[in-house]
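The values are calculated or read from the model by the stated rules, or taken from the named source; none is laboratory data. Here the structure is a predicted model, which is why all the values come from computation and not from measurement. Every residue, glycine as well, gets a Cβ built from its backbone with ideal geometry; the counts of neighbours run over all protein chains shown. Just the protein is used for accessible areas: all its heavy atoms, side chains included, with ligands, DNA and RNA removed. Shrake-Rupley method; radii C 1.70, N 1.55, O 1.52, S 1.80 Å.
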Amino acid sequence: MNEKITVSTLKKYKQTGKKITALTAYDFPTAKILDESGIDMILVGDSLGMVVLGYESTLPVTMDDMVHHTKAVTRGVKRSFVMADMPFMSYSISKETTMQNAARLIAEGNAQSIKIEGGCEVAPIIKLIVDAGIPVIGHLGLTPQYINQLGGYKIQGKDMEKAKKIMKDAKTLEEAGICALVLECVPSELAKDITENISIPTIGIGAGPYCDGQILVTHDMLGITQGHRPKFVKQYANIDEIMKNGLKNYVNDVESGSFPSKEHSFTTEKRENK
Ligand SMILES: Nc1nc(=O)c2c([nH]1)NC[C@@H]1CN(c3ccc(C(=O)N[C@@H](CCC(=O)O)C(=O)O)cc3)CN21
Ligand SMILES: CC(C)C(=O)C(=O)O
Ligand SMILES: [Mg+2]
């Protein structure tokens, strides 16, 4: 139960039907809490651009941002399997820069695996990274780094033709050597079909109940996200209210002078009279 989760643990979970739990983390304290709560997989998602940096999309996120946050997360993790997103354009310029970028997330960031958005077109580069010893996770369906082509954060694979394309992409990525596959915003039936037809675990987000595991953005499910929360999010806590209450009490205490009291203050040592 407390052993480090590896690629083979995930495969075993799929074979035995044990559902895989995954969430995002971008910092040390959150990662430590997720790890100690028994979350199987922790994703340092490029969603950090929107969730904690305040950007409008994930596109401005850089390799340096990803390495910085991945380092913070992995310092807090003992058991969970840690994956880090390759950000926009970090795997599209050349083989050399792609390999260097993937290596940074592993060697500097201390992640166990990297995640890459896209289908058949990224399969060759994924194969190279896998051959170099880096576990790769695929990501199909709604791929936010392709937002300007997709035209919005919308469900993908609704019609038969697009569903077939996503299924073909899944098979091609499996052959390229991915160790897990994130399916984002696709119909439940398509996610079920893919899950039953590949040997590696599928992790769904807005992809229905038939995936081998589920992932959400932690800030969404805890109620910390400022602004729009996608429809697929179930909210498990109202941390925003808890924070606002605490902050209100602090303001009241400071303004009324009841904080800091003696117990939160220091005094000089009593001097002996000479
Ligand atoms: N806070 C947050 N949570 C996420 O899950 C998330 C991010 N940010 N940023 C990166 C991507 C973008 N994601 C998103 C963002 C918006 C929708 C969304 O609003 N979808 C519509 C559904 C539209 C349709 O019906 O096709 C919705 O109303 O939920 C979905 C996924 C998922 N990821
Ligand atoms: C939504 C998940 C799958 C993701 O890629 C992210 O958080 O960046
Ligand atoms: Mg992402």
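Here is how the numbers come out for the structure above:
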{"read-out": "All helices (runs of 4 or more DSSP H) inside the range 1-103 with 2 or more residues being surrounded by 17 or more Cβ atoms within 10 Å (Cβ to Cβ), touching a residue at least 24 places away in the same chain (Cβ under 8 Å) and away from ligand 3 (no atom under 15 Å from the Cβ)", "value": "7-16, 28-36, 63-75"}
{"read-out": "Test for T202: is it within 22 Å of I114 (Cβ to Cβ), of a type in the set (S, T, Y) and more than 16 Å from ligand 1 (Cβ to nearest atom)", "value": "yes"}
{"read-out": "Spans of helices (runs of 4 or more DSSP H) in the range 160-256 with at least 1 residues open to solvent by 80 Å² or more (accessible area, probe 1.4 Å)", "value": "160-176, 188-197, 239-256"}
{"read-out": "Unmet criterion (only one of (1) within 16 Å of ligand 1 (Cβ to nearest atom); (2) within 16 Å of P144 (Cα to Cα)) for Y91", "value": "(1)"}
{"read-out": "Residues of the range 229-274 satisfying the condition of being within 16 Å of ligand 3 (Cβ to nearest atom) and either in contact (Cβ under 8 Å) with a residue 24 or more places away in the chain or of a type in the set (S, T, N, Q) (or both)", "value": "P230, F232"}
{"read-out": "Unmet criterion (only one of (1) open to solvent by less than 10 Å² (accessible area, probe 1.4 Å); (2) over 30 Å from L190 (Cα atoms); (3) assigned to a helix (DSSP H, G or I)) for I126", "value": "(2)"}
{"read-out": "Y146 being closer than 27 Å to M167 by Cβ, surrounded by fewer than 24 Cβ atoms within 10 Å (Cβ to Cβ) and not β-branched (V, I, T)", "value": "yes"}
{"read-out": "Residue satisfying all of: in the range 153-165; more than 15 Å from ligand 2 (Cβ to nearest atom) and touching a Leu at 6+ places or on another chain (Cβ under 8 Å); nearest to H228 (Cα to Cα) among these", "value": "G157"}
{"read-out": "Meets criteria (touching a residue at least 24 places away in the same chain (Cβ under 8 Å), within 16 Å of ligand 2 (Cβ to nearest atom) and either out of contact with any Phe, Trp or Tyr (no Cβ under 9 Å at 6 or more places or on another chain) or not in a loop (DSSP other than H, G, I, E, B) (or both)) for I114", "value": "yes"}
{"read-out": "Filtered residues of the range 74-110 (kept if within 19 Å of P29 (Cα to Cα), among the aliphatic types (A, V, I, L, M) and touching a helix residue (DSSP H, G or I) at 6+ places or on another chain (Cβ under 8 Å))", "value": "V77, V82, A84"}
